Amino acid sequence: MPKAKVTFQDIGVSVTVPAGTRLIEVSEKVGAGITYGCREGECCTCLTKVISGGENLAPPSILEDQVLKDNMAPRGHRLACQAQIIGGEIVVKPA
Amino acid sequence: MAAAAITDSAVEIAPGVHWVGALDPHLRSFDIILKTANGTSYNSYVVRGENGVAIIDTVKENFADDFFRRLESVAKYEEITTIVLNHLEPDHSGALPELLKRAPQAKVYLSSRAQMMLKALLKPSGEKPPEYIPVTTDDTVDLGGRTLRFLHTPYLHWPDTQCTYLVEDGLLFTGDIFGCHFCDNRLFNDTVGDFRFSFEYYYAHIMRPFREYVLDAIALIEPLDIQLIAPAHGPVLRHKPRDYVHRYRELATPRLFNEARSEKTLVVFYLSAYGNTRRMAEALAAGAESLGGVRVSLYDLEGGEADIFTDLVEEADGLAFGSPTINADAVKPIWDLLSSLTTVNVKGKLGAAFGSYGWSGEAVRLIEDRLRGLKLRVPVEGLRIKLVPDAGELDACRDLGEQLARHLTGRVEHREIDMAALA
């Protein structure tokens, strides 16, 4: 299975993960500071700043795009509960 | 002011503005978790402008008849141009599907986060959702000579909540904020019985976990000219309404003076049957202290009850829980404390677990699962030690404390791990 590497900058941990994993799954397991609420892409609690490697995340769905817009999320931000890792290297931290 | 005992008719709370809610005097338990000694009310309001009528919130579904009877006493359905939903919880949106059938021309104004909830609420009716307009702070609706202005006040106590301000009259419709479960048909705060306990109890159980959002909302509300606050439960606050805003600010302000302002704080709670988990706690605390920059407090839960520690937990940056394992579980005082934390915000705090055990040692993992469930972050694997910790094992406890201190103070060394290795 293809692998990817996600670095959680706030806790200084890089995790090798299988492609297809959502950011929140890794974040929760590793104890990074990305908090979450609904896990359904609605509440925007898990807003995450993608420092680099944004292209290695699957593009946001229409729903995620709308929630990001509604919450005036700056460019380069994603919902950790929605963002799916597809490969390569990604660096993130809580928004 | 004269008492205005509620009858079947609407009650005028300001010229052209009526209460059309419902009383539920026999309710004793609200949303399962909240007690109420004399019921509650579901407050809904009608605002009449020159060009239309606005309905602000509705009532719980089984009180819809009372709501419609009162509404019909002051407005015709065809006059309704505007429905404002300050909060979509079913006790305020229960009569909405029927209202939409009776006033299909009305436009619905709600917060952006309420949109998905509206669709979910209307699912059983099978009706197409009405025309709805997401609004935020400073968006307005002109009713003709009267302006409704919206305030984006999320998480009071759901993501969707907002307040609505009637500009020309200084009336603030607040949804659940400033509300309470207190049923009294004299309606107004200067005529009802003493509801101070209910007001504070409601804040403590409904709003306290969201206190940062309360303070954000208060910052939006304080500059307004407020003549009256019309919440969605309990008395209408027409006498000294600003006092209630001040009280909310007080309630939402941290309760403990933090003497360690510049330091991070770690609170270590433990229970120990034979002194082994206590020794672990002491070593962990010493390790956390040794790095500097972290103020550590050690509490034996046997010497206190869960409730009294809530303020401490709310203020702490990190929390560590030590429990022996008895009958394959953590001990009850730990669960009592962990189950009482839903009234404060612990999301994102650092969490850790440790404990000595005799033969199975499940407590640590169970506590860690609960901490993750409460949305604490648990970056350091907990420590389980069989029976009496020896010198090397106490060093491991000190190391756990040091690691927690590093996480609290941002001094963690970079690590590379494989997800498969994570629990």
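The values are calculated or read from the model by the stated rules, or taken from the named source; none is laboratory data. Keep in mind it's a predicted model, so treat the numbers as computed, not measured. FYI the Cβ positions are ideal-geometry reconstructions off the backbone, even for glycines, and counts take in every protein chain you see.
Can you pull out every residue in the range B:200-248 that is surrounded by 15 or more Cβ atoms within 10 Å (Cβ to Cβ), basic (Lys, Arg) and over 14 Å from B:Thr174 (Cα atoms)? Residues satisfying the conditions are B:Arg208, B:Arg211, B:Arg247.
When the range B:255-283 is limited to residues that are hydrophobic (A, V, I, L, M, F, W, C) and in a helix (DSSP H, G or I), the one that is nearest to B:Glu212 (Cα to Cα) turns out to be B:Ala281. Just for the range A:1-43: of the residues that are part of a loop (DSSP other than H, G, I, E, B) and of a type in the set (Val, Ile, Thr), which one is farthest from the chain's Cα centre (by Cα)? Looking at residues that are part of a loop (DSSP other than H, G, I, E, B) and of a type in the set (Val, Ile, Thr), I get A:Ile11.
Scanning the range B:291-315 for residues that are out of contact with any Phe, Trp or Tyr (no Cβ under 7 Å at 6 or more places or on another chain), farther than 18 Å from B:Val346 by Cα, touching a residue at least 12 places away in the same chain (Cβ under 8 Å) and assigned to a helix (DSSP H, G or I) returns a single hit, B:Glu302. Taking the criterion of being at the interface with chain B (Cβ under 9 Å from one of its Cβ atoms), within 11 Å of the chain's Cα centre (by Cα), surrounded by fewer than 19 Cβ atoms within 10 Å (Cβ to Cβ) and not in a strand (DSSP E or B), would at least one residue in the range A:62-70 satisfy it? No, the conditions are met nowhere in the range A:62-70.
Filter the range B:128-153 down to residues that are of a type in the set (A, V, I, L, M, F, W, C) and more than 23 Å from the chain's Cα centre (by Cα) and give me whichever is surrounded by the fewest Cβ atoms within 10 Å (Cβ to Cβ). The residue in question is B:Ile133. Given (1) surrounded by 14 or more Cβ atoms within 10 Å (Cβ to Cβ); (2) outside any helix (DSSP H, G or I), where does B:Glu98 come up short, assuming only one miss? Tallying (1) surrounded by 14 or more Cβ atoms within 10 Å (Cβ to Cβ); (2) outside any helix (DSSP H, G or I), B:Glu98 fails exactly one: (2). In the range B:404-423, the residues that are more than 7 Å from every other protein chain (Cβ to nearest Cβ) and more than 17 Å from B:Gly382 (Cα to Cα) reach residues that are among the small types (Gly, Ala, Ser) and part of a helix (DSSP H, G or I) with C-beta atoms within less than 9 angstrom, at least six apart or across chains, in these pairs: B:Arg411/B:Ala405.
Against the list (1) without any contact (Cβ under 8 Å) to a residue 40 or more places away in the chain; (2) surrounded by fewer than 20 Cβ atoms within 10 Å (Cβ to Cβ), the condition B:Ala330 fails is (2).
Remark: A:Ile51 matches the filter, which requires a residue to be part of a strand (DSSP E or B) and either at the interface with another protein chain (Cβ under 8 Å from one of its Cβ atoms) or not aromatic (Phe, Trp, Tyr) (or both). When the range B:375-403 is limited to residues that are without any contact (Cβ under 8 Å) to a residue 40 or more places away in the chain, touching a strand residue (DSSP E or B) at 6+ places or on another chain (Cβ under 7 Å) and within 14 Å of another protein chain (Cβ to nearest Cβ), the one that is farthest from B:Leu284 (Cα to Cα) turns out to be B:Arg377.
Do we have B:Ala286 as touching a residue at least 24 places away in the same chain (Cβ under 8 Å), farther than 26 Å from B:Ala204 by Cβ and either assigned to a helix (DSSP H, G or I) or under 21 Å from the mean Cα position of the chain (by Cα) (or both) here? Taking the combined requirement at face value, the residue satisfies it. Residue count for the range A:71-85 satisfying the condition of being modelled with pLDDT under 95 and either among the aromatic types (Phe, Trp, Tyr) or crowded, with 16+ Cβ neighbours inside 10 Å (or both): 2. The residues of the range B:154-179 that are outside any strand (DSSP E or B) and surrounded by 24 or more Cβ atoms within 10 Å (Cβ to Cβ), listed by number, are B:Leu156, B:Asp160, B:Thr161, B:Ile177, B:Phe178, B:Gly179. Against the numbered list (1) in contact with a His (Cβ under 8 Å, 6 or more places away or on another chain); (2) surrounded by fewer than 13 Cβ atoms within 10 Å (Cβ to Cβ), B:Glu413 comes up short only at (1).
Are there any pairs, at least 6 apart or on different chains, whose C-beta atoms fall under 8 Å, with the first in the range A:14-26 and more than 7 Å from chain B (Cβ to nearest Cβ) and the second in a loop (DSSP other than H, G, I, E, B) and of a type in the set (S, T, N, Q), and if so, which? As it stands, the answer is A:Arg22/A:Gln82, since those pairs meet every condition given. Taking the range B:359-373 as the range and being buried (at least 18 other Cβ atoms within 10 Å of the Cβ) and either in contact (Cβ under 8 Å) with a residue 60 or more places away in the chain or touching a helix residue (DSSP H, G or I) at 6+ places or on another chain (Cβ under 7 Å) (or both) as the test, the residues that pass are B:Ile367, B:Arg370.
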